[in-house]
Amino acid sequence: MSLQNASITVTHFIIGGFDAVVRPEAVGVVILIIYLIAVFVNTLNIFCITFDRRLHKPMYLLVCNLGVVDIIYTSSATPTMIGVLLAGVNTISYVQCLIQMFIFHLGAVMERFALAFMALDRLIATICPFQYHSYLTNARVVVLTYILWVVACGFVALTPAVILRLPHCSSRLKYAFCDYAAVIRTTCVDPNYYLNITAVILFFILFFTFIFISLSYCGILFFVKLSSNNDKKKMGSTLLSHLICVTCHYCPAFVIIVLTRIGVVLSLEERQGLVIWTILGSSVVNPFVYCLRTKAIKNKIFKIFRKIDV
C-alpha cells in the first residue's frame, strides 16, 4: 500500500504521554507550581535589569537574555502538559503542534547558545579585565545575541520543514508534548532516517557548546591560579554560578546519551522525566542562581520588596 493510500488527514494530535501516570493531578500541580515560580523569578530578573540603568552592562544583559530564553523554553511545552494533567485537555491542533515543536527546540538551542556566550563573557573578563569593556560593549552583546537567535531559528526551522513534507498514519503522540521525535513517529515513513538527520545537528550543537564551555572553564581556571586571593574568590563565585546552570541543563541530556550508548533502554516515562527536568529544572534554577549569587540583582530585588512592604 502506498504512503498516500495509508495516510490520514491530521487536524489534531492526541497527547498520550501521560496515560500511564497514576496520579496525574498531583504531577500536574507540581509542574504548575514549578512553572509559575520559573516564570515569576525570570520575569523579576528581567524587570530588574531592564529598568535599572546601572545594570545595563554586558554580563547583566546576558543574564537578561538567559531569562528570556528560560521563559520561552519552559512556556513552549509546560502549559500543554499542565492542560493534559489537570484539565484533561489531551488534544492539540496540527498547526499549534508544529509551532510548539519549533519554539521548544528553539528554546533548547538558545539555552545552549546563551550559556556558551556567558562562558565567553567570563573568559574575556578573566583574561582581559582591563580591556573587557572595550571588547564586549553593550552594543556588541546585543548584536551577537541577535545573531545567535537568527542562527538558532535557522537550525530549528528544519524540523517543521521536514514534518510538513511527510504524510501521517497516526494522530496519537506517545510523548507528553509536541517535539520533533514525537511528531515524526506519527508519519508513515521510517522515522530513523529523519531522526538521524536532526540528531546530527542537535548533537553537534550540544557537544560544540559544551566543549566550548569546558575550554572556557580551563582558560578561566588557568588564569585564576595566577590571580590574587581576592580575585580568586570573586572569579570562583562567578564560575560556580555558571557551572550550576550548565550542570542543570546538560546533565539530563548527557544521561540519556550515555545510557543509550551503554545499552540501557530507558522507558518512555523515564525518558520523559529527564526531558521535563531539562525544561523545568534549568528554567527555575537559573534565575535563582543569578538572583541570589549576583549582589547587584539581589540588592535591586530587595529594594523592590521593601517598597512594596512600605
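The values are calculated or read from the model by the stated rules, or taken from the named source; none is laboratory data. As the structure is a computational prediction, the values presented were derived from the model and not from experiment. When we count neighbours, we look across all protein chains shown, and the Cβ atoms used for this are built from the backbone with ideal geometry, even at glycine. Side chains are part of the model used for accessible areas, which takes the heavy atoms of the whole protein and leaves out ligands, DNA and RNA. Shrake-Rupley method; radii C 1.70, N 1.55, O 1.52, S 1.80 Å.
Of the set (1) within 18 Å of Val275 (Cα to Cα); (2) open to solvent by 30 Å² or more (accessible area, probe 1.4 Å), all apply to Pro167 but (1).
Among residues of segment 113-132 being open to solvent by 30 Å² or more (accessible area, probe 1.4 Å) and in contact (Cβ under 8 Å) with a residue 24 or more places away in the chain, the one that is farthest from Asn286 (Cα to Cα) is Ile127.
For segment 101-137, a tally of residues being among the aliphatic types (A, V, I, L, M) and farther than 30 Å from Cys178 by Cα returns 7. If we scan segment 180-202, do we find a residue that is farther than 25 Å from Thr9 by Cβ and crowded, with 18+ Cβ neighbours inside 10 Å? Taking every residue of segment 180-202 in turn, at least one turns out to be farther than 25 Å from Thr9 by Cβ and crowded, with 18+ Cβ neighbours inside 10 Å. Restricting Phe40, Phe18, Phe13 to residues that are within 15 Å of Tyr175 (Cα to Cα) and modelled with pLDDT of 90 or more narrows the list to Phe13. Taking first residues from segment 173-202 that are touching a residue at least 24 places away in the same chain (Cβ under 8 Å) and partners that are among the β-branched types (Val, Ile, Thr) and not in a helix (DSSP H, G or I), the Cβ contacts under 7 Å between residues at least 6 apart in sequence or on separate chains come to Leu173/Ile14; Leu173/Ile15; Leu173/Thr186; Ala176/Ile15; Phe177/Ile15; Cys178/Ile92.
May I ask you to list the residues in segment 13-36 that are open to solvent by less than 70 Å² (accessible area, probe 1.4 Å) and in a helix (DSSP H, G or I)? Steps first, answer last, please.
Of the residues in segment 13-36, the ones open to solvent by less than 70 Å² (accessible area, probe 1.4 Å) are 13-18, 20-21, 24, 26-29, 31-32, 34-35.
Listed by number, the residues that qualify are Pro24, Ala26, Val27, Gly28, Val29, Ile31, Leu32, Ile34, Tyr35.
Within segment 47-78, the set of residues being surrounded by fewer than 17 Cβ atoms within 10 Å (Cβ to Cβ), of a type outside the set (Ser, Thr, Tyr) and in a helix (DSSP H, G or I) comprises Phe47, Phe51, Arg53, Arg54.
Scoring Ala161 on the criteria (1) open to solvent by 40 Å² or more (accessible area, probe 1.4 Å); (2) within 24 Å of Thr50 (Cα to Cα) leaves a single failure, condition (2).
Inspection of segment 208-227 identifies at least one residue that is surrounded by 14 or more Cβ atoms within 10 Å (Cβ to Cβ), in a helix (DSSP H, G or I), more than 21 Å from the chain's Cα centre (by Cα) and modelled with pLDDT under 75. Against the conditions (1) within 14 Å of Ser241 (Cα to Cα); (2) modelled with pLDDT of 75 or more, Cys291 satisfies every one except (2).
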